[in-house]
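Below is one structure, written out as structure tokens, with a few remarks after it.
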Amino acid sequence: MPSFSIPLSGLTASSSALSTTANNLANLNTIGYKDEQIQFADLFYQDFGTNGAGDPIQQGAGVTVSSKPSDFTQGNVTPTGVSTDVAVMGSGFFVVQKNGAQSYTRAGNFEVGTDNLLETAAGQQVLGYPAINGVVSTGQGLGPLALGAGTISPATVTSKLQMTSNLDATAAVGTVYAAPQATIYDSLGASHNITITYTKTATNTWSYSVSIPAADLNPISGVPQTGILETGTLTFDGNGTLISDTQGSGSAQAPPANITGIAITGLADGASNMTFDWNVLNGTTPVVSQMAGANSTSSIQQDGRGSGTLVNFSIGSDGTITGSFSNGKTATIGQIALASFADEQGLSHQGNNDFTPTLASGQPTIGGPGTGGLGTISGGALEQSNVDIASEFARLIIAQRSYEANARVVTTFDQVAQATIALKQ
């Protein structure tokens, strides 16, 4: 009697091939999907002895699915212009986690969640190396990457102030000129107005006063502060060039020097005490002059900034995320991490474009893109599925023919069985 199990195993294997091909075609447009191929192996053999030449006489028992390897070759990378989209160029997987469980994916269609963290469409946090004070250290361990509007650029305390001004050489003694207010920033990012007031005291000589609104300062030992931060004099030659200056009760400095160490103590907003320099020189060239003409200030520069929120960001090929903030600063926010495995075929498919490691795959080796054999990253782009529709249709036809052939064998075996039963009649 024929063995129905042989064509039935063929039907089962062909059905698996059809399902695999159908799954590939269904994921033709799935971001980062990797094509799967099904491979078969023959089953055990029944031994009937040997022939006269000593060769074994064996009968096969059918076919089974031996493996379903994934094709991890690079899919097409399509630019999207979306800053949160990322594609892996070469080997490697993004590291993501949810509820403490890590998994790995090639799909880089990320988004910023309500918690300001970079996440997958399924709500998994994308892991990397968050920057500390603008510096990324891969030795500090993985963590979520904050990229939302709640990401803050800390304030920069003003340490230098420079004003390009001209004092009227023809002004009468006693003339007062209050230069336009300059804005400086404290340690909390709050702004304060600084006023520099010039008073002509003699020919070619002006006194100055650097002040802040008294309301910005707390009293010291119960005594209100006046807001006057520094005073001194400026002396010019007959060409209108600054030749010497004094600071406080100090002696005149010739050639002139910058007014340094101007202290602000007891800020009312609770910020730390601060000091800044008023640069009357640009290098060695004075920026305060005395020429016949109106009192004027043409330029005000200072190096402080208030705090700012993240406006936009870009992702470099090494996974470094550079943010632009509302205060005009740019800074490194973090770096996306990638993982590699000794045997990618040993990874377990979890759906949602995710893989998890197994004993066969080994544990991941995690690092920055472009290091340790890992691929690089393309920001504003997505890796498409690497399924080739022409190849899949060819496999579909082969699997269909195989299924039909095994079905015909079952029909033939049935007819043989019927004929055998009919022998008794």
Go through (1) of a type in the set (A, V, I, L, M, F, W, C); (2) in contact (Cβ under 8 Å) with a residue 40 or more places away in the chain; (3) part of a strand (DSSP E or B) one by one and return the number of the condition A41 breaks. (2)
Counting only strands (runs of 3 or more DSSP E) wholly inside the stretch 318-397, the ones holding at least 2 residues that are of a type in the set (D, E), more than 16 Å from T105 (Cβ to Cβ) and at pLDDT 95 or above are none
In the stretch 211-239, how many are among the β-branched types (V, I, T) and either closer than 17 Å to P180 by Cα or surrounded by fewer than 10 Cβ atoms within 10 Å (Cβ to Cβ) (or both)? 3
Near pairs, Cβ below 9 angstrom, 6+ apart or cross-chain, from the stretch 299-320 (exposed (fewer than 14 other Cβ atoms within 10 Å of the Cβ)) to any residue that is among the charged types (D, E, K, R): Q301/K160
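If I filter the stretch 54-64 for residues that are in a strand (DSSP E or B) and under 18 Å from the mean Cα position of the chain (by Cα), do I get at least one hit?
Applying the first criterion (in a strand (DSSP E or B)) to the stretch 54-64 yields 56-60, 63-64.
Those left that are additionally under 18 Å from the mean Cα position of the chain (by Cα): none.
No, the conditions are met nowhere in the stretch 54-64.
If you take the residues of the stretch 6-25 that are hydrophobic (A, V, I, L, M, F, W, C) and over 17 Å from D71 (Cα atoms), which of them is modelled with the lowest pLDDT?
Taking the stretch 6-25 as the starting set, the residues that turn out to be hydrophobic (A, V, I, L, M, F, W, C) are 6, 8, 11, 13, 17-18, 22, 25.
Checking which are over 17 Å from D71 (Cα atoms) leaves us with 6, 8, 11, 13, 18.
Working: I6: 85, L8: 88, L11: 89, A13: 89, L18: 93.
Among residues in the stretch 6-25 that are hydrophobic (A, V, I, L, M, F, W, C) and over 17 Å from D71 (Cα atoms), the one modelled with the lowest pLDDT is I6.
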Can you confirm whether the stretch 73-83 contains a residue that is over 30 Å from E119 (Cβ atoms) and either of a type in the set (A, V, I, L, M) or at pLDDT 85 or above (or both)? no
Conditions (1) under 25 Å from S19 (Cβ atoms); (2) surrounded by fewer than 12 Cβ atoms within 10 Å (Cβ to Cβ); (3) within 28 Å of the chain's Cα centre (by Cα): number failed by Q363: (1)
Might you let me know whether the stretch 112-120 holds any residue that is within 27 Å of S361 (Cβ to Cβ), at pLDDT 85 or above and over 16 Å from the mean Cα position of the chain (by Cα)? no
With the structure loaded, tell me whether G261 is touching a strand residue (DSSP E or B) at 6+ places or on another chain (Cβ under 9 Å), surrounded by fewer than 19 Cβ atoms within 10 Å (Cβ to Cβ) and either in contact (Cβ under 8 Å) with a residue 24 or more places away in the chain or closer than 21 Å to T156 by Cβ (or both) or whether it fails that test. yes
Residue count, the stretch 1-53 (criterion: crowded, with 20+ Cβ neighbours inside 10 Å, among the aromatic types (F, W, Y) and under 30 Å from D414 (Cβ atoms)): 0
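Given the residues T170, T164, T183, which is the only one that is in the same structural domain as G266 (by TED's automatic domain parsing), closer than 30 Å to N295 by Cβ, in contact (Cβ under 8 Å) with a residue 60 or more places away in the chain and part of a loop (DSSP other than H, G, I, E, B)? I'd like the intermediate steps shown before the answer.
Details: T164 fails: part of a loop (DSSP other than H, G, I, E, B); T183 fails: part of a loop (DSSP other than H, G, I, E, B).
Criteria check complete, one pass: T170.
The values are calculated or read from the model by the stated rules, or taken from the named source; none is laboratory data. All values derive from a computational prediction rather than experimental measurement. Glycine also receives a Cβ, built like all others from the backbone with ideal geometry; neighbour counts cover every protein chain displayed.
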